[in-house]
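I'd like to ask you about the structure that follows.
The numbers here are math on the coordinates, done by the rules we state, and not lab data. In this text, all values refer to a predicted model and were calculated from it rather than measured experimentally. Because the Cβ atoms are built from the backbone with ideal geometry, glycine has one as well, and the counts that use them run over all protein chains shown.
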Amino acid sequence: MATIWEQGGRKPYAKITPFLWFDGKAEEAANFYVSIFKNARIVSGGTMSTTFEIDGREFIAFNGGPMFKFTEAISLFVRCDTQQRRSTICGRSFRGRPEAEMRWLKDKYGVSWQIIPAGARPTAAG
């Protein structure tokens, strides 16, 4: 049975892109996320949405209004290859948090993150 990832040896015919709903801060959030990661860039921007990439993964930040909020039901999972890289990411995005708490976090926009060192397993709660 073919999936969206494989169809007769050809490239994927469907692409999954995280779509993040913000209350008026989509462009600000996209710029913030791009500033955290070395291999990241803004692809396009406008009044309603900003498209950005992190390590080749496309994201869309959308100004949808106050109707929906982020919850811990979904998180951005970052597996870091070294403890130094993990500390760098945490220091840029979650200032003022003790290192012991740097595993399951929420950024200033309400997006949940799991910042995991290489070899560690994901956790179910923060």
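Starting with the fewest neighbours, write out 33, 109 ranked by other beta-carbon atoms found within 10 Å of each beta-carbon.
On the way: 33 23, 109 16.
So the residues, fewest neighbours to most, are 109, 33.
What ranking of 44, 93 emerges when the number of other C-beta atoms within 10 Å of each C-beta is taken as an exposure proxy, fewest first?
Ranked by crowding around the Cβ, least crowded first: 44, 93.
Which whole-Hz couplings ³J(HN,Hα) result when phi for each residue of region 23-30 is put into the Karplus expression 6.51 cos²θ - 1.76 cosθ + 1.60, θ = phi - 60°, listed in order with x for Gly and Pro?
9, x, 10, 4, 5, 4, 5, 4
Ranking 90, 80 by Cβ neighbours within 10 Å, fewest first, what do you get? Write down the numbers at each step before the final one.
Numbers: 90 21, 80 17.
Result, fewest neighbours first: 80, 90.
I've got another one for you. Using modelled backbone amide H atoms (1.01 Å from N, in-plane), which distant-in-sequence or interchain residues come within less than 5 Å of residue 22's amide H?
Placed amide hydrogens put 62, 63, 64, 65 under 5 Å from residue 22.
On to the next question. For residue 14 and residue 92 in one chain, what is 0.36 nm times their gap in residues minus the Cα-Cα distance, to one decimal in nm?
Going from the current span to full extension adds 24.8 nm.
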